[in-house]
Amino acid sequence: MPSGNTFQINGQDLPFQEGMTILDAARMHNIFIPTMCHLPGAPPTGACRLCVVEVQGARNLAASCVTPAQRDMQINTESPRVVNSRRLNLQLLLAMGEHDCLLCPSSGQCVLQDLAYRYQINPKRFTPRGVLHRTEAVNPFILRDFSKCVLCGRCVQACCDIQVNNAISHAYRGIKSKIAAAGDRPLKESDCVFCGECMQACPVGSIIPVDSRQSPRIWETHKVKTTCGYCGVGCQMYLHHRDGVLYRVEGDIQSPPNYGSLCVKGRFGFGFVNSSSRLQTPLIRENGNLRPTGWEEALDLVHERLENIRMSHGPDALGLFASARTTNEDSYVAQKFARAVLGTNNIDHCARL
Ligand code: SF4
Ligand code: SF4
């Protein structure tokens, strides 16, 4: 075996770095280990037990997300014992609720569905425990379907460790366990700011956009990467669209500055894109009424009015607001226009509008 920090996974000698868990090291070498509860950026909890691996010499299977990688370990990630354990856990998770993939809006983007297929699970091995908590459909933006929840805890970590909003936590005990806001009230009556971080973290279909049952399935949409236009942070996101209609926004977990996080506007504030009341042309106000026109006439009118003010009252009678929604290049052009064309230094930036 080579010297330094190396261990063996599935018979292969591989290096790892000090402080890594077995899961970190396996992922660094593109070795698949399934997880449901592991949320990058938050402390590992070892809750779902799907990431168990067999470590030679150890009595029990080890949860790879919380077990430090150690020199000379010999690890098997898919031994018959490991696979049997995962299959049992998956069957128990499937019995926790109503996992009806035929009607679930998250079909095609569900970790439980993918793993059930990968490990060829018999979904009927255990009698489902039934639905104990009613769907919470009263919130703007987010619907919570507790019949799909597997209590992995990722939403709680997303809310408390990543966004630090502390709006939700684990509530009740045993079979009645659920993820709840304070007092088990709806999210809209809690500290929730509807950032949707919990929704993006949920590996199943338990937290979904309110209108997702009217949206196409994930494989029916295309996704395109873009920069959020709402403020100057520049969050990276994917737009899911079909036939020119925008259905969903997803934070890009790989890219700075947001690494998947978004605020309520970036994640849910896209209804204007396909709104039928969206302005399609410039409007000129005449005798109290707005008349649609073309850009040429509108710009000529603006030019004429600005020129009149400048001639009558001087250039400092004019001012220009740029916007945080525009790019650096647009802001540069705006200040050039104010200074070089209008002849004034009255140029400012309106932070959120
Ligand atoms: S939407 Fe944001 S604030 Fe609300 S529960 Fe989810 S993560 Fe917490
Ligand atoms: S709602 Fe989703 S993320 Fe939260 S505990 Fe349930 S399955 Fe996990």
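The values are calculated or read from the model by the stated rules, or taken from the named source; none is laboratory data. Owing to the predicted nature of the structure, the values given are computational and were not obtained by experimental measurement. Note: ideal-geometry Cβ built from the backbone for every residue, glycine included; neighbour counts use all protein chains shown. The area values use the complete protein model at the heavy-atom level, side chains included, leaving out ligands, DNA and RNA. Shrake-Rupley method; radii C 1.70, N 1.55, O 1.52, S 1.80 Å.
Do any residues in the range 196-210 that are closer than 14 Å to ILE253 by Cα have Cβ atoms under 7 Å from those of residues that are within 6 Å of ligand 2 (Cβ to nearest atom) and of a type in the set (Val, Ile, Thr), where the two are at least six apart or on different chains, and which pairs are they? If the second residue must be within 6 Å of ligand 2 (Cβ to nearest atom) and of a type in the set (Val, Ile, Thr), the pairs left are CYS198/ILE207; MET199/ILE207. Contact map, the range 18-31: residues that are within 11 Å of SER64 (Cβ to Cβ) paired with residues that are open to solvent by 60 Å² or more (accessible area, probe 1.4 Å) and part of a helix (DSSP H, G or I), Cβ distance under 9 Å, separation 6+ or inter-chain. Pairs shown: MET20/MET28. Remark: pairs (first residue in the range 170-190, polar (S, T, N, Q); second residue away from ligand 2 (no atom under 15 Å from the Cβ) and at pLDDT 95 or above; Cβ separation under 9 Å; 6+ apart in sequence or on different chains) = SER190/ALA182; SER190/GLY183.
On the stretch given as the range 115-149, residues that are under 20 Å from ARG173 (Cβ atoms) and assigned to a helix (DSSP H, G or I) total 2. Scanning the range 203-225 for residues that are in contact with a strand residue (DSSP E or B) (Cβ under 8 Å, 6 or more places away or on another chain), under 16 Å from CYS101 (Cα atoms) and of a type in the set (A, V, I, L, M, F, W, C) yields ILE207, ILE208, ILE218. Listed by first and then second residue, the pairs with beta-carbon distance under 7 Å, at least 6 apart or on different chains, first residue in the range 326-349 and farther than 24 Å from TYR230 by Cα, second exposed (fewer than 15 other Cβ atoms within 10 Å of the Cβ) and among the small types (Gly, Ala, Ser), are THR344/GLY319.
Among the residues in the range 187-198, are any open to solvent by 60 Å² or more (accessible area, probe 1.4 Å) and not acidic (Asp, Glu)? Yes, the range 187-198 contains at least one residue that is open to solvent by 60 Å² or more (accessible area, probe 1.4 Å) and not acidic (Asp, Glu).
Looking at the structure I just gave you, is LEU318 touching a Gly at 6+ places or on another chain (Cβ under 7 Å) and either at pLDDT 95 or above or of a type outside the set (A, V, I, L, M) (or both)? Criteria not met by LEU318. Across the range 87-107, the number of residues qualifying as free of Cβ contacts under 8 Å to residues at least 60 places away in the same chain, surrounded by fewer than 17 Cβ atoms within 10 Å (Cβ to Cβ) and assigned to a loop (DSSP other than H, G, I, E, B) comes to 6. Being out of contact with any Lys or Arg (no Cβ under 6 Å at 6 or more places or on another chain), away from ligand 2 (no atom under 15 Å from the Cβ) and open to solvent by 70 Å² or more (accessible area, probe 1.4 Å) is a property that VAL131 lacks. Residues in the range 20-29: is at least one touching a strand residue (DSSP E or B) at 6+ places or on another chain (Cβ under 7 Å), modelled with pLDDT of 95 or more and open to solvent by 80 Å² or more (accessible area, probe 1.4 Å)? Scanning the range 20-29, I find no residue that is touching a strand residue (DSSP E or B) at 6+ places or on another chain (Cβ under 7 Å), modelled with pLDDT of 95 or more and open to solvent by 80 Å² or more (accessible area, probe 1.4 Å), so the answer is no. Scanning the range 177-208 for residues being within 14 Å of ligand 2 (Cβ to nearest atom) and on the phi < 0 side of the Ramachandran plot gives a total of 19. Exactly one residue among PHE126, PHE32 is of a type in the set (Phe, Trp, Tyr), at pLDDT below 95 and either in contact with an Asp or Glu (Cβ under 7 Å, 6 or more places away or on another chain) or within 29 Å of ILE207 (Cβ to Cβ) (or both), and that residue is PHE126. The residues of the range 241-264 that are within 23 Å of LYS148 (Cα to Cα), touching a Phe, Trp or Tyr at 6+ places or on another chain (Cβ under 8 Å) and of a type outside the set (A, V, I, L, M, F, W, C), listed by number, are GLU250, GLY251.
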